Structures are given as structure tokens and as C-alpha cells.
Amino acid sequence: MKKIFLLTLLVLTCSGINAVELHKSPTKAALLSLVIPGGGQYYNSTYKKMIVFGGVELGFIGMLIYHNNRMNYYYDRVSDNTGNYNDNISKYNDYYNKTQSDYWWIGSTILMSALDSYVETHLLNFKNKNHELNLRFKADRIELSYHF
């Protein structure tokens, strides 16, 4: 029952995100990226980035789950004295290090996603007005013009 309630709440929240907003909140975009993989990019309507960031984050989460399961498996083998002790402890340490590395990569990717969505939201209004600012390169000079 809790899963259905949380899923319904998530769907209702995400359906409100897609509504057209004139001024989007950079903080909201960053928070969505911190909570939902690719959420801030979805909020900004940058769907290709959403797929990339969401896929990378979910991939790292999957790797973390796999490495954590293998680490626990070898921990149990060491605790039960099953098999070669040195081999089991070596593999346990290897998967422990991989698990710690996975945490670092997940955190870095989530932080990069939140930063990207925050900056992208700030630039949305600039993208709508960029036709007013022109930069032209000539052979002997550079011209910068701004039209009101």
C-alpha cells in the first residue's frame, strides 16, 4: 500500500513539473536532480541530458548493489571459514574498495546533475533572449551589438 501511495505521489509531482512555467526555479531543478535521477533535467525539458544523467546514476546504483552483494557474500565466507581464507579475504577487500568507489561516483554524478540543472535553469531566460545579443567577427575587428 505504501508503494502505491509513493508511486502515485511521484507521478502527481512529476506531472506538475511538466507544466509550462515562465520563470523556473533553479533551486527546484537542483533539488529534483538530487532526489530523482534526471529530475532536474526533466524539469528543464532537456530530455537528452535527462536520459544521460538518469542512466549514468542508475548504472552506478546498480553497480553499487552488485558490489555490495558480492562484498557481503565474501564476508559471510570469511566468517564461516568456507573455502580458501586468503582468497576470500582478498576478494572481500576488493569488493569493499569497489563499493566505496561506487559511493564516490554516485555522489559525484548526482552533484554534477544538480549543478547542471541549476545552471541550465538560470540560462533558460537567456536562451529566449539570445537573439538580441549579436557577436560578429570581422577581418579587422569584433562587433558586439545588443538590440532592445
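Observations on the model:
- Any hit, segment 58-70, residues being modelled with pLDDT of 90 or more and not in a helix (DSSP H, G or I): no
- The conditions of being of a type outside the set (Val, Ile, Thr) and either over 22 Å from the mean Cα position of the chain (by Cα) or surrounded by fewer than 12 Cβ atoms within 10 Å (Cβ to Cβ) (or both) are not met by residue 101.
- Of the residues contained in segment 63-70, none is found to be over 27 Å from residue 96 (Cβ atoms) and aliphatic (A, V, I, L, M).
- Where a residue in segment 128-140 is at positive phi and its partner, wherever it lies, is surrounded by 10 or more Cβ atoms within 10 Å (Cβ to Cβ) and modelled with pLDDT under 65, with Cβ under 6 Å and at least six apart: none
- Among residues of segment 68-93 that are surrounded by 12 or more Cβ atoms within 10 Å (Cβ to Cβ), those with a Cβ under 6 angstrom from a residue that is in a loop (DSSP other than H, G, I, E, B), sequence gap 6+ or separate chain, pair up as 77/83.
The values are calculated or read from the model by the stated rules, or taken from the named source; none is laboratory data. What you are looking at is a predicted structure, and each value in this text was computed from that prediction instead of being measured. Positions of Cβ are generated from backbone atoms using ideal geometry, with glycine treated the same way; all protein chains shown enter the neighbour counts.
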